Amino acid sequence: MKNILITGGAGFIGSHLVRLMVNKYPDYRIINLDKLTYAGNLANLKDVENMPNYEFVKADICDFERMREIFSEYHIDGVIHLAAESHVDRSIRDPFSFAQTNVMGTLSLLQVAKLAWDGNFDDKLFYHVSTDEVYGSLQPDGGFFLETTKYDPHSPYSASKASSDHFVRAYHDTYGLPVKISNCSNNYGTYQFPEKLIPLFINNIRHNKPLPVYGTGENVRDWLFVEDHARAIDLIFHQGKIGDTYNIGGFNEWKNIDLIKVMIKVTDRLLGRPEGASEKLITYVTDRAGHDLRYAIDSTKLHEELGWEPSLQFEEGIEKTVKWYLENQDWLDNVTSGEYMNYYKEMYHV
Ligand code: NAD
Ligand code: DAU
């Protein structure tokens, strides 16, 4: 397999995956296709932009004719599909753009791959990157999400991702398209857009701004270092079974409020502030509509079948992450200027 199309490669997880693939597989041509929405940022890939096996194409996955041209021009053998609208809060405010990109965009891309490969599926693969949010919400003592857990999405974001997963399986079952799907838990790490909890809060602590905790702060998320997600995608892409689904997660559950206190502790220490100084910034705000209580992934299948396990303990990962955002204030300043401030003001009523 030689020509690999990675969609959404200028985003948070996509940029880590592109970096891994470009460095690890000099014989592959890695084509990063991204529309460069507010969340896409080529500055995330400065270190690979001049590599001979890397190319960037600015395009919209929803543009069927353009995607057909790209498949033909680059002789695409494999797709790793990450392009999506990814933020739950934005999906509550604008569900249509989530249906457009995540559902229609994925369907369009499946059809483009089917037509381009024209029944000759040898060494072809369509790998769809999805989320644990399709499984719904767990009670505190409600066990874990398995690959067999029934879909029960609650937000427009998770409904759109669930729908896209169904279309991917439908193309496999109906047309024989070789597909794989993975459903991963919450990612954290470098280059994450600061609308998401961890980079938003690090940035706010840095600037002594309020930390808006939704509801009671009791909601639980299962956090995985983004580079471990990228490693899992690489492994599944190469060694996973066609037609199968793999859950990805590191058995690392945190109540939001406990995680926030860890972030405060680490950030205060790195900024040279007294321990706990920024706890006064914690501000409980109106809960997210339809806020899922708990996510928890069981990734035993991935571990037992493919030998994957996370490389980092959470304490080490969060330390690296906070340090990176504090040392890369320019990157944060760039992405938080302009349109971001309008979003921030509307979202947090400031
Ligand atoms: P992100 O928002 O950081 O990046 C999304 C990227 O997709 C951006 O570069 C954006 O420009 C691009 N994009 C959006 N619409 C596009 C379009 N129509 N055509 C081409 N490109 C388009 O998202 P992320 O957090 O990196 O998530 C990547 C994927 O992983 C998504 O499919 C998401 O559902 C999934 N996922 C995310 C997490 C997480 O914790 N962030 C966890 C599990 C799964
Ligand atoms: O589980 C995987 C999913 O994780 C991915 O599919 C999504 O793309 C990704 O955005 C993430 O979704 P969450 O909604 O869990 O992530 P977020 O960072 O937005 O929120 C994490 C938790 O923190 C959630 O319980 C809501 C809460 N929160 C979030 C923000 C932005 C707050 O309390 N305050 C905030 O300001």
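The values are calculated or read from the model by the stated rules, or taken from the named source; none is laboratory data. Being a predicted model, the structure only gives us computed values, none of them experimental. Methodologically, a virtual Cβ is constructed for each residue, glycine included, from the backbone with ideal geometry; neighbour enumeration extends over all protein chains shown.
A quick yes/no check of all residues on (1) loosely packed, with under 14 Cβ neighbours inside 10 Å; (2) modelled with pLDDT under 95; (3) acidic (Asp, Glu):
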| site | (1), (2), (3) |
| --- | --- |
| ASP258 | yes, no, yes |
| LYS265 | no, no, no |
| ASP268 | no, no, yes |
| LEU271 | yes, no, no |
| GLY276 | yes, yes, no |
| LEU281 | no, no, no |
| ARG288 | no, no, no |
| TYR295 | no, no, no |
| LYS301 | no, no, no |
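Just one of the listed residues (LYS150, LYS114) is in contact (Cβ under 8 Å) with a residue 12 or more places away in the chain, closer than 19 Å to THR7 by Cβ and basic (Lys, Arg), namely LYS114. Cβ separations smaller than 6 Å between residues 6+ apart or across chains give the following pairs from region 183-202 residues that are under 16 Å from GLY40 (Cα atoms) to residues that are of a type in the set (S, T, N, Q) and near ligand 2 (Cβ under 9 Å from one of its atoms): PRO199/GLN192. Within region 280-304, residues that are closer than 19 Å to LYS261 by Cβ and aromatic (Phe, Trp, Tyr) have Cβ atoms under 7 Å from residues that are modelled with pLDDT of 95 or more and crowded, with 18+ Cβ neighbours inside 10 Å in these pairs: TYR284/VAL213, counting only partners at least 6 apart in sequence or on another chain. Among residues of region 162-219 being near ligand 1 (Cβ under 10 Å from one of its atoms) and among the aromatic types (Phe, Trp, Tyr), the one that is surrounded by the fewest Cβ atoms within 10 Å (Cβ to Cβ) is PHE193. Checking ASP268, ASP292, ASP222, ASP258 one by one, the residue that is in contact with a Leu (Cβ under 9 Å, 6 or more places away or on another chain) and either over 27 Å from ALA10 (Cα atoms) or among the charged types (D, E, K, R) (or both) is ASP292 and no other. Checked against (1) more than 11 Å from ligand 1 (Cβ to nearest atom); (2) surrounded by 19 or more Cβ atoms within 10 Å (Cβ to Cβ), ILE92 passes all but condition (2). Residue pairs, Cβ under 6 Å, 6 or more apart or interchain, first in region 91-102 and closer than 17 Å to ARG288 by Cα, second of a type in the set (S, T, N, Q). List them. Within 6 Å, the pairs are SER91/SER155. Highlighted here are the strands (runs of 3 or more DSSP E) found entirely within region 1-105 that include at least 1 residues which are more than 23 Å from ALA232 (Cα to Cα) and more than 15 Å from ligand 2 (Cβ to nearest atom): 54-58.
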